[in-house]
Each structure stands twice: as structure tokens, then as C-alpha cells.
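I have placed the structure first, in the form of C-alpha cells, so that the comments after it can refer back to it.
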Amino acid sequence: MDFSLLLVVAVAITGLIWLLDLAWLRPARHRKLAAVEAGTTEGLDEAARERAMKEPWPVDYARSFFPVLLVVLLLRSFLVEPFQIPSGSMRPTLEVGDFILVNKYAYGLRLPVTHTRIVELGEPERGDVMVFRFPSEPSVNFIKRVVGLPGDTVRYEDKQLFINGEPVPKRVLDEAPPTAPGEWLLEERLGEVSHRIYNNPRDPGPRVREIVVPDGHYFTMGDNRDHSNDSRYWGFVPEENIVGRAFAVWMHWDGGLPSFTQVRRIH
């Protein structure tokens, strides 16, 4: 279910009812009240006046909900949108159950529902953690790290990532991390961004022969390199599928009580 579409429809309906009341229903109630008052010499008591001016329940609800829904729509569409991490493909950077915030204007302002970019403010950079709509199923959101930019040459073999013919620097931090048995914990540097990744030395993993990222597309990979469904398997992310840049974890919830002790910036 497309929550953005539901939100847009709700804003449109409540806003239309509110405008209808301002333009037609409210003046009609005032005219009715004036006619009733003109037909009596004693005037109306306060209770009778309130009954004559009472708003229909749809108008009452629309007037109450429209401003709230409009603010939520604007914030969610153009500023910040929350997401939950459902899988371990971005470990150790993001854990299952992390609730993250995504900057919606870092890569330009987009209209809700159609996702058309109306204002260009920036482009994804190598190393960004990016949320996007899965190319073959746009209703599903993915989160991966941007590895290849338009025009880049990307190659991945024997656990080593190459960008434009140069190996991406990395170093082993722990050959037996307690939170990921069987994995190696490494630090990798993509451009100006240093981040941690997991690699399983016993898993040969996929091999990507040298490919060139097309214009308007991006090559993405998960930080949990041997447990991530990413561009190595299904290809490039089109620019029009971009949702935004993940920048913070604000809560963690794994089924028990929500935890706010792991609030952090995403690198």
C-alpha cells in the first residue's frame, strides 16, 4: 500500500471539504441564522444560535485534520521521512530493528506519488547510504551504500571492490567479531567516507566483471557484503527511483521495549 498516495488523497479530501465550507456552507449557515433572527422579535438565545451555526460532522473533522495531514505530507515529502530496517544487509552500519531518518531534499525535491524531481539540490555521492525504490518492484524500498556513480567503472572479485580500476582501500579490524560469527570485520574507504563492512572469508561471493555505470544510474552494495541483495545481482538504480539519503538512527526496536541508547549518525 502506497502511504504517500493515501496521505495525498486524505489531504485533498479534507482540504476540499474545508474549502467547500468556507465558500458555500458557512455563508449558508449565516444566511439561515439571519433569516431566523429576522423572523422573531425576541431574538435567539445562545443555545439556539449555536444549533443554527453548528458545523456538519464532515466539516468539523476536515477542519481538524486538514492542517495536521498537510504538515505531515509536507514534512514527509520534502524534509524527513522515517524508515525501519527489516534485514541485515547493511550490518554492521545498520542493525535489524533500527529506525532511521532519511533526508528527502539532499538529492533534490520530488513530488509525492509521482516522484518527479522539481528542484535539483544535489546528487548522490560515493559512500552515501541511500534509500531507493527497488527497480523491479517500486513499491518496495531498499537501503544500500552508493558505490558507483554515473560514468564509473566498477569491478568486484575475490572480495575486493575496484572503482575506475583502483582497488578501494580496506583493512581488517577483527577476524572473529562477537556479533557476527564466521565473518570478518573490515574498514573500507569510499572517497571521503570510512565505514565498516562484513565479509565471510569462506564464501566466494558474487563476481562482477568490469562494467560502466550508465548516465542517470547508480551502483549500490550492502555493507554486509555476503548477505546483501544489491546491484551485483540485479543491476543499477535509476535516478528517478531515489528516495533520499539516510543520515541518522533515532530508535531501535527488536520486539521488546524501544531503545534510544543507540541514537547515532549514519556514516
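Considering Cα pairs under 8 angstrom that are at least six residues apart, work out the relative contact order of the chain and quote it in whole percent.
19
Label-to-label distance, Asn200 versus Leu33, with points set 7 angstrom from Cα along the beta-carbon direction: 7.2 nm. Loop-resident chymotrypsin sites (Phe, Trp or Tyr not before Pro) (DSSP state other than H, G, I, E or B) in the range 175-267 with no more than 16 further Cβ atoms inside 10 Å of their Cβ: Trp253, Phe260. In this label model, Gln160 and Arg207 are separated by 1.4 nm, measuring between points 7 Å along each Cα→Cβ vector. Take the Cβ atoms of Leu16 and Asn229, set R0 to 30 Å, and the FRET efficiency comes out at 0.10.
What's the angle, to the nearest 10 degrees (0 to 90), between helix 3-20's Cα axis and the longest principal axis of the chain? Result, in degrees: 20.
Please state the shape class of the range 65-120: rounded when a/c is under 1.5, otherwise prolate if a/b exceeds b/c and oblate if not, all from the C-alpha gyration tensor. Since a/c reaches 1.5 but b/c is at least a/b, the shape of the range 65-120 is classed as oblate. Among the lysines of the chain, pairs that are 8 or more positions apart or on different chains and have alpha carbons within less than 18 Å of each other number 4.
Note on the chain: with neighbouring protein chains present and a 1.4 Å probe, carbon and sulfur make up 60 percent of its accessible heavy-atom surface. Annotation for the range 199-267 versus the range 8-34: alpha-carbon center distance of 47 Å. Amide hydrogen proximity for Val80: with H placed 1.01 Å from N in the peptide plane, the residues at 5 or more positions away or on another chain lying under 5 Å are Lys104. Report, by chain and number, residues whose modeled amide H sits under 5 Å from the one on His115, excluding near sequence neighbours (fewer than 5 apart, same chain). When sequence neighbours closer than 5 places are left aside, there are no close amide H contacts.
Taking GluC sites (Glu not before Pro) as exposed when their DSSP state is a loop state and no more than 10 other Cβ atoms lie within 10 Å, the longest site-free interval of the chain runs over 43-119.
Using R0 = 45 Å, the C-beta based FRET efficiency linking Val168 and Thr114 works out to 0.80.
In the P(r) worked out for the chain, what percent of Cα pairs fall beyond 30 Å? Distances greater than 30 Å cover 45 percent of the Cα pairs.
The values are calculated or read from the model by the stated rules, or taken from the named source; none is laboratory data. Just so it is clear, the structure is predicted and the values come from calculations on it, not from any experiment. When we count neighbours, we look across all protein chains shown, and the Cβ atoms used for this are built from the backbone with ideal geometry, even at glycine. Areas reflect the complete protein model, heavy atoms only, side chains present, ligands, DNA and RNA absent. Shrake-Rupley method; radii C 1.70, N 1.55, O 1.52, S 1.80 Å.
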